[in-house]
Amino acid sequence: MQIHNKGEMPAKALEDRKHSENLYSKIIRPASGKRNIVFFVLLTVILSAMVWHIWSSFDQLGQLENQKDEMADLHGTIIYFDEVLTMSARMAAATGDSKWEDRYRSFEPQLDDAINRAIELTPKDFVDPAADQTDAANIKLVAMETESFDLVHQGNLQAANKLLYSQEYEKQKGLYKEGMEQYLISLHDHIANKHDMTQSTLLIFSVFLILIFTLSIFSGIAILHMRKNLIERKQKQIELEANEQQLKASNQQLQASEDQMKTLNHHLAERAKELDCLYKLSELAAETNKSVDAIFTEAVNLIPPSWQYPEVTCAKITVENKEYVTDNFKETKWKQSSDIMVSGRKNGFVEVYYSEEKPVIDEDPFLKEERSLIDALCRQLGNIIERKQAEQELENIAKFPSENPNPILRITKDGKVLYSNQAGELLLTKWKSGIGKTVPEKWQNIITKAFTSGKSIKEEEVVEDSIFSVTIAPIKEAGYVNLYASDITENKKSEEQLRKNEHQYKTLVENLPQRILLKDRDSVFVSCNEHYADEFDMTPNEMVGKTDYDFYKKRSADKYRVSDSEVLKSRARKDDYITVTEDNKEKIIHVVKTPVIDNESEDGDELVGVLCIFEDVTKQKQAERSTEKAYGELHEAHEELKSVQSQIIQNEKLASIGQLAAGVAHEINNPMGFVSSNFETLQSYVKKFQSLFDIYSKFVEEAKNEGGKKMLEKVEEIEELREDTQIDFVIEDIEGLFSDMQEGLGRITNIVQNLRDFSRIDQRGELAEYDLNDGIRSTLLVAKNEIKYDANVKTDFGEVPLFLCNPGQVNQVFLNMFMNAAQAIKSQEKKKKGNITVSTYVDDEDAICEITDDGPGIAPDKVSKIFDPFFTTKAPGKGTGLGLSVSHDIIVNKHNGVILVDSTVGEGTKFTIRLPVKCEITEETDEI
C-alpha cells in the first residue's frame, strides 16, 4: 500500500504516465489517406473494442479505489475492536463489574460486522494462507473470554485474571492478531494490485493500436525480468534474515560468556580477599614481639575489606570482656558471628555487621564462604591466644626454676627425667621415679602426644591432699619437654563450694511457679528451672548450651536475641508480653528480662548474662486481647480498602493506555506508509538504471570490435534509452526520496522516544531528575490523536530547572488534565475547535504549570467536589471519576505540591499545578 502526501501523485504512476505519453507521441502518427482500407477497418474495430474496454476499466478502477480505501479503514477498525474486547474482558476480571461484560457484548457484533464486511470485499480469487490458524485462535479466545465471564459471575476474580493473563491466552491472541493483520494486509495489497493492474491496462490499451505485437513481446520480457528480480530479492532477503539470526545467536553466546567471565572474576576476587585476610593474620601472629592487644587491634581492621560489601562492613572482636572494634563500628540486625575457642572453652567471639540492608544470599546477606572465613579467623585467633598464653606461662615459670615453689621437670621424649627442682620431688616420689629414670607409662603417652601435635597439653595430678594442674610443653628441636605444675587445690575447693551454692540456688528456683532461664552474654542457655525445661520435654542439664535457634524459627530467635542485646546494652529491666499456643489454647506470657551483673569482678559491675522470667498472665490480658483483635479486624478492612483503591487506580491507567493505543499506532503508521511507498519507487528507479547500465556494457563490448558508423548508432540508441527512462529526472528525484524517508523515520523515532519518556515506570519512592517542559511535550504527543480533532494546543514554556520527582506519576497527572480538557471542549459540540493553553514558569521555589481550556466550565457547587473519588461531571458511562482524584493524590500527597482549579461556567477552566523544586516523595505507610 502506497501512502503519499495530500495533493501529490505517486512518483511511480507519474513516471509511467510520462513514459506512456512519450511512446504515444513517438509511435502514433496522423493517419494517411493512402493506407489500406482493410487496415482502416481493422483499426476501427479495434478502436471500438478499446473504447468499450476503457469505459469498463474506468468503472472497475473507481470500484477498486473505493474498496482499497474501505479496506484501510476496516484494518484499523478490526484491530481497535479486538483490543476493546480484550480490555473489557480483563477489566471485568479485575473489577468484577458487570458493565465491562455489557461493553464487551456491545462491541462484539460491531467487530463481527467489520470482519463480515472485509469478507464481502474479498475477491473470489484471493486465498488467505492463515485462515485456519486465525479461525482456530479466534474460537479459543472467545471460549477463554466466555469462561472468564463465567468465573466473574461465580465471584472467582483471581482465576479469571489468571486465565486472561495466561501464556495460552497471550499466545492465541498473538496468533489471532497476527493472522487477522496478515489477512487484512494481504487482502488490501491484493485489491491494490488489482487497482494498479487496471490502471496499467488503461495506459496499455491507449497505445495498443500501434504497439499490440511489439508491446506483447516487451511486456513478456519485462514480466520475466521482474519475476527474476523478485525471486533474487526474496532469496537475498532470506539469506539476510538467516545471517541476522546467526549474528543474534552469536551475540547472545558472547554476552553469556562475558557474564560468566565477570561472575568468575568476581568470585576469584572475593576468594583472593579472604586468603589475603588469613595470610595477613598469619603474618601478625608470626611477629613474636607483638602483644595480643596489638595483634587483635590490627586483626579487626583486616575483616571489612575481606567481606563482599567492605564499604558497609564493620567488625568487633571480644576476648575476655575486652573489645576491639573498627572505626565505623555500629550494631545492626544484619550480623554474622563466630566463637573463639581456647583449649576447648569459649574465650570470646567475632562479630561482623552490615550497616545497611543487602540482598539475601546464603546466610541472610552473607555468603557461605564468609561463614567459612569467620570460622577460620576465630580458629586462628584462638591459636594465637593459646600460644601467647603458653609463651607467657612458660616465660614466667622458667625464669627461676630452682626457686619456684611449684614443681618443674625436664623429661626426654622417651620419658627419662633430665632435671627437677626441689618442688618437683613431690611428683617424682609419687611416680616412684627420679633423675635418669623414666616416668610412668601414662605420662610417657602424654609426652609422646605432645611431641606429635607440637602443642602444649594440660592434665591434672593428685599428690597427697593437693591437686596440681600439669602443663607439658614440647621443645621439639631439643628433644625434650618441660613439665610445669601449679597447685590448684584452693581453686577446686572454691569450685566445690560454688557447686553447693548453685545447688541451693537451684532448689530455690525449682520451687518458684514461674519459668526461669539464665543466658550468658551471647544468649547461650546457662541454666533453667524444671518448669522451663518441661516446656520442651527436656531436663535442665540438657538445656545447657542450647540457644533460641534450637527451639524457635529463625525469625523469632533473631527477635529474642535482639531483645537480649537491648537488655545488656541498657543494663535495665525489660517487660514484654508474648502469645503462645499450648494444648490448642492460646496463652499470654509476661516476659521479664533482667541484666545479671557480677559485682565481684575486676570492674565491679561486669555483665555476665540475662535472667529471663516467664509468667502466664492470660486471664489478665483477655480484655486487652479482645481490643487487639478488634484493632486487627479494622486494620484488615483498611488494607482491603487500600487494595481495592489501588486496583481501581490501575484500571483507570489501563483504560487511558487502551484509549491512546490506536492514536499512537495511527501516528506511527502515517510516516511508515510513505517510507514504504518511496522504497517501491526507488526500486523501479534501480531497474531503470540497470537497463541503462546493460546497454552501456554492450556498447563498450561492441566498441572494441566495430567501426565508427556502428558506434554512432549505438550512441543514438543509448541517448534514446536515457531519454525514454528519464534518467535525469530519476537522479534528481532520488535525493528527494531519501529526504522523505529520513523525515518519516525521524518522525517514528520521535514518537517512540516520547512514548518511552511518557511511560517511565512508577516505583514507590523512586526519585529521578525531571524536565517539566519535556514531560509535557511527550505527554501531548502521546495524547495528540485524542486532542487534535477537538482542540488546538498552544504552549508557552518558560525556563524551568530540573528537579527531583517521580516522572511517571507526574506525566499521568498531565495526561488526565489534557484528556479532561479535550473531552470538556468536545462536549460543547461546537463546529470550531476549542483551545487548550499550557504555560510553565518558576515562582519562588516552585515549578508551576497552568493548563487552561475554553470548555463549558464547572458549576461553583461542583468545584469543591471534583477531587473526590468517583465524582465526575461527565455523562453516565463517560468517566470513572478517578482521574482528578488520582492526580490530587500524586501532586499533594506524594509530591507535597499544590493543585488549584479556577472555573467559570461558559468561559472555561484553568488548573494550576505547583511542584516544589526540592521535592521529597512521601512513602505510603500501612498504618491506619
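Read-outs throughout are calculated quantities, based only on the coordinates presented, and are distinct from any laboratory measurement. No experiment lies behind these values; they were computed from the predicted model shown. For neighbour counting, all protein chains shown are included, and Cβ atoms are generated from backbone atoms with ideal geometry for every residue, glycine included.
In debye, nearest 20: dipole of segment 408-495 around its Cα centre with unit charges on the Cβ of K, R (+) and D, E (-)?
Details: 13 positive and 12 negative charges, 86 e Å.
The dipole magnitude comes to about 420 debye.
If the chain between K788 and E732 were fully stretched, how many nm would it gain, using 0.36 nm times the residue separation less the Cα-Cα distance?
Numbers: separation 56, 0.36 × 56 = 20.16 nm, distance 3.59 nm.
Full-extension gain reported as 16.6 nm.
For the charge dipole of segment 408-495, defined by +1 on Lys and Arg C-beta atoms and -1 on Asp and Glu C-beta atoms about the Cα centroid, which residue among Y484, T429, F451 has the Cα displaced farthest towards the positive pole?
F451
For segment 765-916, give the magnitude of the charge dipole about the Cα centre (Cβ charges: +1 Lys/Arg, -1 Asp/Glu; no others), in debye to the nearest 20. Working shown, then result.
On the way: 16 positive and 21 negative charges, 200 e Å.
Dipole about the Cα centre, nearest 20: 960 debye.
Measure off 7 Å from each Cα along the Cα-to-Cβ vector at Q422 and E323, then give the distance between these two points in nanometres to one decimal.
Once both label points are built, they end up 5.0 nm from each other.
What does the extension gain come out to for N193 and E232, with contour length at 0.36 nm per residue minus their alpha carbon separation? Spell out each step's value before the answer.
On the way: separation 39, 0.36 × 39 = 14.04 nm, distance 2.07 nm.
Extra length available between N193 and E232 comes to 12.0 nm.
Consider a paramagnetic label point 7 Å from the Cα of V617 along Cα→Cβ; state which residues of segment 563-582 have an amide N under 17 Å from it.
Correct set: 573-580.
Please list 160-172, 811-823 highest first by mean number of surrounding beta-carbon atoms within 10 Å per residue. Could you put the intermediate results ahead of the total?
Numbers: 160-172: 15.5, 811-823: 23.2.
The peptides rank, most packed first, as 811-823, 160-172.
With an 8 Å Cα cut-off and a minimum separation of 6 or more residues, compute the relative contact order for segment 47-203 in percent. Please report the intermediate quantities before stating the final value.
Working: 135 pairs, mean separation 56.2, N = 157.
This gives 36 percent for segment 47-203.
Taking 7 Å along the Cα-to-C-beta vector as the label spot, tell me the A286-N511 distance in nanometres, rounded to one decimal.
Going by the 7 Å Cα→Cβ label model, 6.3 nm.
Would you mind getting me the FRET efficiency between E716 and E178? Use the beta-carbon distance for r and R0 = 51 Å, nearest 0.05. Let's see the in-between values first.
Working: r = 54 Å, r/R0 = 1.07.
After rounding to 0.05, the efficiency reads 0.40.
Of the cross-linked pairs K99/K831; K99/K788; K335/K629; K99/K832; K413/K442, which ones have a Cα-Cα span greater than 25 Å in the structure shown? All intermediate terms of the calculation are to be shown ahead of the outcome.
Working: K99/K831 32 Å; K99/K788 29 Å; K335/K629 34 Å; K99/K832 34 Å; K413/K442 13 Å.
Listed pairs above 25 Å: K99/K831; K99/K788; K335/K629; K99/K832.
At a Förster distance of 25 Å, what's the computed FRET efficiency of D59 paired with Q110, Cβ-Cβ distance as r, to 0.05?
Values: r = 31 Å, r/R0 = 1.26.
Once rounded, the FRET efficiency stands at 0.20.
Could you give me D for segment 765-916, from Stokes-Einstein at 10 °C and 1.306 mPa s, where the hydrodynamic radius is the Kirkwood radius over C-alpha pairs? Units µm² s⁻¹, please.
Numbers: Rh = 15.7 Å.
Answer from the Stokes-Einstein relation: 101 µm²/s.
Compute the convex hull volume of the Cα atoms of segment 287-391, divide it by the residue count, and report the result per residue in Å³ as a whole number. Spell out each step's value before the answer.
Numbers: hull volume 10.3 nm³, N = 105.
Hull volume over Cα atoms, normalised by residue count, gives 98 Å³.
What percent does the relative contact order of segment 765-916 come to when contacts are Cα pairs within less than 8 Å and at least six residues apart?
Details: 274 pairs, mean separation 34.9, N = 152.
For segment 765-916, the relative contact order is 23 percent.
Could you tell me the center-to-center distance, by alpha carbons, between segment 80-94 and segment 786-862 in angstrom?
Centre-to-centre (Cα) distance: 29 Å.
How much length would be gained if the chain were fully extended between A159 and Y309, taking 0.36 nm per residue of separation minus their Cα-Cα distance, in nm to one decimal? Let's see the in-between values first.
Values: separation 150, 0.36 × 150 = 54.00 nm, distance 4.31 nm.
Extra length available between A159 and Y309 comes to 49.7 nm.
Label-point separation (nm) for K629 and D135, each offset 7 Å from Cα along Cα-to-Cβ?
About 6.3 nm, to one decimal.
R499 to I457: FRET efficiency via 1/(1 + (r/R0)^6), r the Cβ-Cβ distance, R0 25 Å, to the nearest 0.05?
Details: r = 26 Å, r/R0 = 1.05.
The formula returns an efficiency of 0.45 here.
Just list whichever of K322/K546; K519/K574; K316/K493; K346/K587 have alpha carbons separated by over 26 Å in the model shown. Intermediate results must be reported in sequence, preceding the final value.
On the way: K322/K546 24 Å; K519/K574 15 Å; K316/K493 36 Å; K346/K587 37 Å.
Violating the 26 Å limit, Cα to Cα: K316/K493; K346/K587.
For segment 47-203, what is the convex hull volume of its Cα atoms per residue in Å³?
In segment 47-203, the Cα convex hull volume per residue is 95 Å³.
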